[in-house]
Every structure is written in C-alpha cells, then in structure tokens.
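First comes the structure, then the notes that go with it.
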Amino acid sequence: MKTLKSVFALVLAFTAQIAMAQYSGISDEEILLRKWRSYGHSFEDEQVIKRWLYEFDKNNYSSYSKNDFQLRSKMDQTKKSLAQRFSNLKSPAIFYYETNRNFGAYDFDKEKFAFKPFKNINLEATYNLFAPFSTQVNNMFFGVLKIVDLDFVDGIAMNKDKAERFYNKRLIKNSYGQDYNKRVYLKVYYTHSLNDNFPVNTKDGGLGYLKGSPALVQAFDDKDYSSFICEWWSPVLSNDIKQQLISNRIPREGYQNNAPIGGSPRLDNNAVWGLLYPYNNTFDSNKRLVRKVKKGNEYNHYRTEIGKTFFYSAGSQQKAVVILFSHSSDSGGDIFECHACHPEFDVATFIYSNGIWIKQRFIENWSGGSGSWGSPDKITLEYYNNKNCLKVSGSYGNHGRSVEYMSYYDIETLDKIASFEKEN
C-alpha cells in the first residue's frame, strides 16, 4: 500500500502541476536568449556578458563595473546562469500577449459585431542604441518576435438579444453627452519553436526575427481579464499544443461544453438526443429524458441527462464524446439517492464527416462509471501517457477510512490504462 500511495501522490502532483500551470508574457531576456539559440549566436564573448549586465542589471551595474574583481565575479555568475537558461529553453514554448482593440457595428444578418483587429503583432526586445558597446554587440541585443497569421480572429458572434444587452451596458454618459465603449481586452496565446524563425541577414550579430504561431485568442470585457466574452482557435493549431492549453484550463468557452476546435460546428444537445434516442422525446421539468427500459422481466425507470461533451482530434478527424448520466428512479421520477447509488454512465462517440456529426459508438451503462449519493463521480478529458483519456475521479469513506481514487481510460477504446488509490 505504501508503494501505491507513493505512486498516487506522484500522479496527484503531476496532475496538479498541469492543472495549475500558468503561462506568461515573453520577456526581453527570453526573446534575446531564443534569438541567440535560434540563430546560433554565442554569448561567450566577455563584451556580450558585460552588455547583458549593463542592460538587465541597470540598478547595480555602475556599482561594480569599475572594479575589475567584482565585475569578473559578476560576469562568471552571469555566464553560468545564462548557460543554464540557454539549455533549458523549451521548444515549443507557450506564451501570451495582452492588448486591446475596438469592435465595430453589429451585423443583424450574421449576428456578430465586426471585429478584425489585426494580422500580425510585433514584440520587440530592449534595444539601447546608445549603449557603450560595439555595433556588433549591440545588434545582438535587438530582437523581434512577430506573431503572424491572426486573420482567424474575425467577428464577435452573439445572438441579437445577447448583443443588445452587451452593447447597452457599455453606455457612457458624461458632460459631452453619451457614447458607447467598444473596447475589448485580448489575450493572445502563441507558441515559439527554436527552429521556427524568419530567414534574415544575421551579419554583425543579426537583427533576428522570431516567428510566433498563434494558438488561441480570448476577448474579455475588462482590463483585469475576468469577464470573458468569447474566443477564437487557430485553424492550423497542432493537437499537442491544443491539448496542453486544454489540460491547463485555458479555454473559457468550455472544451467540455459544446465548444469544438478546428472549424467543426457545435454538436448541440438536440442533435445528441435525436441521434441516440430518435423515437423518444419525453422530457421532465429538469430537461432529463424519461426512459423506461425492460431488463429481464422487470422495467427500470431512468431520468437521463447530458453530463459532459468532450471534443478532440484523432489524426485528421474531429470527434466528440458525450457522457450521459442515467439516474435510476421510481415510476414517478424520484431519483434514488442512497449511499451506494450513482447514475449509469452512457458514452457516445461522434465523428464529424462531410459537414455533419455521425454516431460512431454508443455504450449504455459503461463499466467505468462510478459515484455515490445519487451523483456521478467527476469525469474530465485529460492527456495522460501520450493519450487523450477520460479521467474518472472521486472518493469514498467507510468505517473511519477515507479513500481517494482516479482512473484513466483511453478515449478511443475506453480501455482502462491506469488506476490509483490513496487512503487519507
């Protein structure tokens, strides 16, 4: 049991690290290090190390720059630090950039506000033209990261009623009259790979341009980035980067709430019901499907709801997995909520093909489902062991014992690939 606990603790730590990972904006230092690494520049030259201290230790540089011994000690420390940072540069790495733009008029036919904010974004590293170093050294301290191909950010889609509320709350009244604030705040998530740069003349240190590839752009109503409006995914985003962002809880539209990625349309609940239960359209007041299923010589009563919808890519195919929760009930619809009672998990897989969603597989009462007191355990989509997985996690207590558990299932086969328990 000790080994199992240790393994479980490691998995928990790894999972927490993924869930809580925070991306950041790129710093001038990071741009320069990536430029040097990408274009094969060396920082071994003493003048380069001095220039680094001159630029990034401004407050202290003058206090030791005239003392050869102190300067040497500082340069040696910096050289070791840069070497470590140089070798630890991630590729690809994910960053974000914050900016703001104004939207335009509302198109009542297309039901969206005009919004085509940019094509490219240039991020420049610090460059002090008057630094007391040679042109060649100074050129090494100029870098530009250009985020390109942002044309997919096009329009803020809202139905008419929502758009009117959104617009009206932006009314500004002052001594000059009234107007409407059309500014929205954007977070642009992008990647940089060390081998993905613009070909440039690198003579005299090179004014290298790094290429940033956009992944996800999010719009917010406020400068604190707390009131989410909408988001746009890059149509050419790799599945690996997409999954990293999803695992880090970056998407706000709800990757688990009918928000497909890559251009396929939404798989709405009405379509799911029609594909899975085409001859049953009886719902209770909680919008749960009323079902009566014969098992053996008896009939079981269920109230079935759509719990989670997960979208993912399998090669070039866009897929969706829908998890339904079928609650056992009496004939009047009251749900059974005993300690050992939990809804059955029904798992449906859909493929997007030729412009429509097609049912690929439907498993009722899937064996991976669990829960208690009438409620299902938590189920999420996570990347584990190089696979897209359904993760089912929960806990139970008995006779003073409390146990947490989690299991991972390959989303394609639904085979269990790992299971862990931890006794508290």
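The values are calculated or read from the model by the stated rules, or taken from the named source; none is laboratory data. Given the structure is predicted, the values throughout are model-derived calculations rather than measurements. Heads up, the Cβs are rebuilt from the backbone with ideal geometry, glycines too, and the neighbour counts pull from every protein chain shown.
Quick one: is residue 315 at pLDDT below 90, exposed (fewer than 15 other Cβ atoms within 10 Å of the Cβ) and not assigned by TED's automatic domain parsing to the domain that holds residue 239?
Considered against the rule, which asks whether it is at pLDDT below 90, exposed (fewer than 15 other Cβ atoms within 10 Å of the Cβ) and not assigned by TED's automatic domain parsing to the domain that holds residue 239, residue 315 comes out as yes.
Might you let me know whether the stretch 198-214 holds any residue that is among the hydrophobic types (A, V, I, L, M, F, W, C), within 26 Å of residue 152 (Cβ to Cβ) and at pLDDT 90 or above?
No, there is no match, as no residue in the stretch 198-214 is among the hydrophobic types (A, V, I, L, M, F, W, C), within 26 Å of residue 152 (Cβ to Cβ) and at pLDDT 90 or above.
Confirm whether residue 85 is within 22 Å of residue 211 (Cα to Cα) and assigned to a helix (DSSP H, G or I).
It is true that residue 85 is within 22 Å of residue 211 (Cα to Cα) and assigned to a helix (DSSP H, G or I).
Select from the stretch 280-316 the residues that are more than 30 Å from residue 233 (Cα to Cα) and touching a His at 6+ places or on another chain (Cβ under 9 Å) and list them in ascending order.
Of everything in the stretch 280-316, those that are more than 30 Å from residue 233 (Cα to Cα) and touching a His at 6+ places or on another chain (Cβ under 9 Å) turn out to be 288, 290, 291, 292, 293, 302, 303, 304.
Give the residues of the stretch 393-424 that are surrounded by 14 or more Cβ atoms within 10 Å (Cβ to Cβ) and not in a strand (DSSP E or B), sorted by residue number.
Within the stretch 393-424, 411, 412, 414 meet the criteria.
Sort out which residues of the stretch 299-339 are assigned to a loop (DSSP other than H, G, I, E, B) and in contact (Cβ under 8 Å) with a residue 12 or more places away in the chain, and write them in order of number.
Passing the criteria: 330, 331, 333, 336, 337, 338, 339.
Report yes if residue 126 is among the β-branched types (Val, Ile, Thr), surrounded by fewer than 18 Cβ atoms within 10 Å (Cβ to Cβ), more than 37 Å from the chain's Cα centre (by Cα) and farther than 30 Å from residue 221 by Cα, otherwise no.
Working: among the β-branched types (Val, Ile, Thr): yes; surrounded by fewer than 18 Cβ atoms within 10 Å (Cβ to Cβ): yes; more than 37 Å from the chain's Cα centre (by Cα): no; farther than 30 Å from residue 221 by Cα: yes.
When the stated conditions are applied, residue 126 does not pass them.
Looking at the stretch 34-45, I want the residues that are in contact (Cβ under 8 Å) with a residue 12 or more places away in the chain and have a partner that is among the polar types (S, T, N, Q) with Cβ atoms under 6 Å, at least 6 apart or on another chain. Which pairs are those?
Partner pairs satisfying both residue conditions: 38/197; 39/202.
Taking residue 111 as meeting all but one of (1) at negative phi; (2) over 22 Å from the mean Cα position of the chain (by Cα); (3) surrounded by 11 or more Cβ atoms within 10 Å (Cβ to Cβ), write down the number of the exception.
Among (1) at negative phi; (2) over 22 Å from the mean Cα position of the chain (by Cα); (3) surrounded by 11 or more Cβ atoms within 10 Å (Cβ to Cβ), residue 111 violates only (1).
I need the full set of residues from the stretch 134-154 which are in a loop (DSSP other than H, G, I, E, B) and surrounded by 18 or more Cβ atoms within 10 Å (Cβ to Cβ), in order please. Before the answer, list the steps.
Step one: filter the stretch 134-154 for residues in a loop (DSSP other than H, G, I, E, B), giving 134, 140-143, 148-154.
Listed by number, the residues that qualify are 140, 141, 142, 143, 150, 153.
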